[in-house]
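Notes for the one structure printed next.
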Amino acid sequence: MTPTDLVDLLGCAALEPDLGGILFVDLDPRLLPPCAELLARAVDAIDGSSPASVMVGADTTDEQLWPGWGLTMTAERTVTIGARPGLLSPLTDGAGPLLVVADLARCGTSVTRAIVATTGTDVVHIERPGVSARRPARARWLAACAGRDLATLSPHLLDRFPVRVNGTTVPRSLVSDEVTVSELLGRASRTSRHRPPTPPSALDLLLRLDTTGQPSIRRSLALARTARAVAERRNNRTVEPADVTRAATLIGIAPATADPAPAPAAPTPLHDPPPLADLTPPKPTNPVVDHTTPDIEDAVRAETATPETRPPLTVTDLHALRPEDGPDALPEPRSLRWAVTGHTASRRASGPIIGHERSADLRDLAVVPTLLHSLLRTWSTTRHSGAPSGRPTVAASDLRRYRRKHSPQHALVLVLDHSIRRDWDSSPGLAPHLRWAYDHGATVSIIEFGHTGSGDELRPERYRTRSIADPRIITSLRRPPGSASPLAAAIELAIEELRRHMRRGWAPVRSARLVLVTDGRGNVPLEATAKRRVTTRVARQGVEDALTAARTISGLHRVATTVIAPVDEQYPALTPDLAFALGGTVTHVHDVPLTAG
């Protein structure tokens, strides 16, 4: 995206308040405030009032977003109980707020519910304690999200952001460049607004654009409104097909005239790993990790590249901005409401406090909100009856309890040994555990090793995800096999993950599953992993270290352990011994021959 594209998009967003949310993918965090400032300047120029730009995030609560009752300061500098406007309340002259979300994947449930309630609608119905109102939806949303987290968001939340921008192509000169109002609005003027109609030729092109994804009425409306804004900025009498094509480029939709993406080249055949004689690994050629990888060099070049040298967006890049259209898209379960965890009342008071709600008992009592509601009820009764107020009392309707942020109650630790032979498929054994993690909304930790292209073949790699819907998990399940197998070090990492889940202060998980996909041939001892080099023949030392580390897991409570392995005729006792040391079970997945037809 060139500077002109970004300026045109923000100008169109100012001309069309019902356009919807704008989502920047992989945007530099330093560039989000300048984008919000440009949009506020454009809105000020076209509406006559600058919207209040507010940053919201994981700690933003419903009490801050929506209007309600509470302690306020009067003009005489006295504290009283009165109505409080929320961040989503429009100003007196009708201008709506501009809410900026730094990380859409990390924001709380209160923010996601507010996005769904205020985006893509004409009016907002507010039903809160002491407030029952119907107000126009005038809020504008500007959000950023990492590309790796985009697929973990629910589709109906992403649908509120029909405008997608590849943040890696946003010019970094935006921070220092001075953009004028005429550049933002083009030929559009506040005094003479002209809303050009859409003729049949432009409507036909609108219908033919973006036919690769799932149908979305909000996306189609956003395309039509952006095309109308483009025509207004150009002072066209009607919306022309060129305006529609320009609008599709601005909001991140592949043009209908674009050439299809070329088919990926066939992968280079990889040789099967050598047999493990006496379970001894080959000596690594470069045991020291080189942190200057080609990916990092590419990132540095992209950081210092000028906007003119950046590669243009291809059709494949545009489709990557909308992962919810893919056939294998996996939505986040119950993303806009608190998950039903089935825990008892004694475990209800866990998690960080993010608000309060009505309560029917005294468990986890929110003292200050309870007293405020009691004072508000007493004051309201005195005002309507005219009788002098007596001593304040707390009624059952005044009781409030803390609303706490939901934390996952289940965890899945998945250990993947990629050094198993290439023609074996572990999907039949993994499917029940992946389905369990999806149904229970479990947090997932992936520990993998023994694959081609790893940073250090003598050490396992680890990363954590919020749910099984993370696209990195699919990538991990498809890695090509290597030769080294640091199984013992991977089991020690799994022990760290389980202890972290079971003993993390106020929010331990209720149950965890440890699933190891391995054939038990650990050919890298712990000493070699620590020293990052192999000096002598290891024989069975790697296997013995793995069994010793596995015996620690058998003493952990609330952990179910399963070993998924192929049928090994050469070493049939490796995986049963490992499962016995773990205190779990072993699932053998047989080879399924492929049949024609």
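Select from region 55-91 the residues that are touching a residue at least 60 places away in the same chain (Cβ under 8 Å), of a type in the set (Asp, Glu) and surrounded by fewer than 16 Cβ atoms within 10 Å (Cβ to Cβ) and list them in ascending order. Within region 55-91, just Asp59 meets the criteria. Does Ala14 qualify as being open to solvent by less than 10 Å² (accessible area, probe 1.4 Å), under 12 Å from Leu98 (Cβ atoms) and either out of contact with any strand residue (DSSP E or B) (no Cβ under 7 Å at 6 or more places or on another chain) or touching a residue at least 24 places away in the same chain (Cβ under 8 Å) (or both)? Taking the combined requirement at face value, the residue satisfies it.
Would region 219-237 turn up any residue that is at pLDDT 85 or above, part of a loop (DSSP other than H, G, I, E, B) and farther than 27 Å from Leu38 by Cα? No, that holds for no residue. The lone criterion from (1) at pLDDT below 90; (2) touching a Lys or Arg at 6+ places or on another chain (Cβ under 6 Å) left unmet by Ala560 is number (1).
Does Ser192 fit the bill of being modelled with pLDDT of 50 or more, open to solvent by 40 Å² or more (accessible area, probe 1.4 Å), more than 30 Å from Thr529 (Cα to Cα) and not in a loop (DSSP other than H, G, I, E, B)? Against the criterion (modelled with pLDDT of 50 or more, open to solvent by 40 Å² or more (accessible area, probe 1.4 Å), more than 30 Å from Thr529 (Cα to Cα) and not in a loop (DSSP other than H, G, I, E, B)), Ser192 does not qualify.
At least 3 residues that are closer than 19 Å to Trp141 by Cβ and modelled with pLDDT of 90 or more in each: list the helices (runs of 4 or more DSSP H) lying fully within region 1-102 that qualify.
Once the helices (runs of 4 or more DSSP H) in region 1-102 are filtered for at least 3 residues that are closer than 19 Å to Trp141 by Cβ and modelled with pLDDT of 90 or more, what remains is 3-15, 32-47.
Those strands (runs of 3 or more DSSP E) of region 125-176 in which at least 2 residues are surrounded by 22 or more Cβ atoms within 10 Å (Cβ to Cβ), considering only elements entirely within it, cover 140-145, 163-166. Note on region 195-218: among residues that are part of a helix (DSSP H, G or I) and open to solvent by less than 70 Å² (accessible area, probe 1.4 Å), the one that is modelled with the lowest pLDDT is Leu206. Within region 442-468, the set of residues being open to solvent by less than 10 Å² (accessible area, probe 1.4 Å), within 17 Å of Leu412 (Cβ to Cβ) and of a type in the set (A, V, I, L, M, F, W, C) comprises Ala442, Val444, Ile446, Ile447. For region 26-54, name all the residues that are loosely packed, with under 14 Cβ neighbours inside 10 Å and either among the aromatic types (Phe, Trp, Tyr) or under 30 Å from Gly147 (Cβ atoms) (or both). Pro29, Arg30 - these are the residues of region 26-54 that are loosely packed, with under 14 Cβ neighbours inside 10 Å and either among the aromatic types (Phe, Trp, Tyr) or under 30 Å from Gly147 (Cβ atoms) (or both).
The values are calculated or read from the model by the stated rules, or taken from the named source; none is laboratory data. It should be emphasised that the depicted structure is a prediction, and the values quoted were computed from it without experimental measurement. Using ideal geometry, Cβ is built from the backbone for each residue, glycine included, and neighbour counts are taken over all protein chains shown. Side chains included, ligands, DNA and RNA excluded: accessible areas come from the protein's heavy atoms. Shrake-Rupley method; radii C 1.70, N 1.55, O 1.52, S 1.80 Å.
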